[in-house]
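Notes for the one structure printed next.
Values quoted throughout were computed directly from the atomic coordinates according to the rules given, and no laboratory measurement underlies them. Note that the coordinates shown come from a computational prediction; the quantities given were computed from them, not determined experimentally. So basically every Cβ, Gly included, is an ideal-geometry build from the backbone, and we count neighbours across all protein chains shown.
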Amino acid sequence: MSTEAPSSLHGLSIAEKISRLTAFIADDLDARAATGMHATDACYLLIARSAESPVAQALRAHADRISSMGIRLRAIFSEIDQAGAHLAAPFVVPSECRIARDSRLLAAHEQLVLTPTRTWLGDCMRREAGKRDAFERYAHDCAQTGAHATRSFESLWRITAPLVAMPSLVTLTKMPNIATAAEKIPDDLHRQ
């Protein structure tokens, strides 16, 4: 018999968290579209445990819209899937991703800075998101929270290691097929 309480008593389910984060991001994108903010050099700042964290999943749900509005993403992850080691949109060029290799940085909280006044703060990266997320705060209009989150992000950015950004699938599909190109080379130009 388990003595552990159901996760619903400790916080939101993962699906609920992703849904709320998706709506939070959508509100920002709608506000940018309504005010023309998409014309500026916009950049979202993300600190997350991995590209599979609920906040990263919520960003992926808006990948096309983020890209079409010209919003870059600067992301710091504490773990990356070493098997595939690739990131999907919106975590591709021109976005920049870094990894926090120092285990002491796992005490940092996940966070997403959308604007200087719109910020989300989540649980620390040490906690496994799949089990439960007991903490999250939404700052819809708080310059102080935004400034603190931005300073925290920039401090972590300086001490993390860059990840090689992968080109998007769209870019890869536009690249010439080497096998097909080799078939078109005249016989006298082939190496012997």
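Taking R0 as 35 Å, what's the FRET efficiency between Arg158 and Ala31 from their Cβ-Cβ distance, rounded to 0.05?
0.70
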Response to the item:
Here, Ala23 and Ser50, labelled 7 Å along Cα→Cβ, have an inter-label distance in nm of 2.8 nm
Item to complete: Which order do the peptides 56-66, 112-122 take when ranked by the mean count of other beta-carbon atoms within 10 Å per residue, highest first?
Response: 112-122, 56-66
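How charged is the neighbourhood of Asp141? Take every other residue with its Cβ under 14 Å from the Cβ of Asp141, and add Lys/Arg as +1 and Asp/Glu as -1.
The answer is 0.
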Item to complete: Provide the packing ranking of 44-54, 147-157, 69-79, i.e. peptides ordered by the mean count of other C-beta atoms within 10 Å per residue, highest first.
Response: 44-54, 69-79, 147-157
Worksheet entry | Label-to-label distance, nm, for residues given as Thr115 and Gln144 (7 Å Cα→Cβ offset) | 2.0 nm
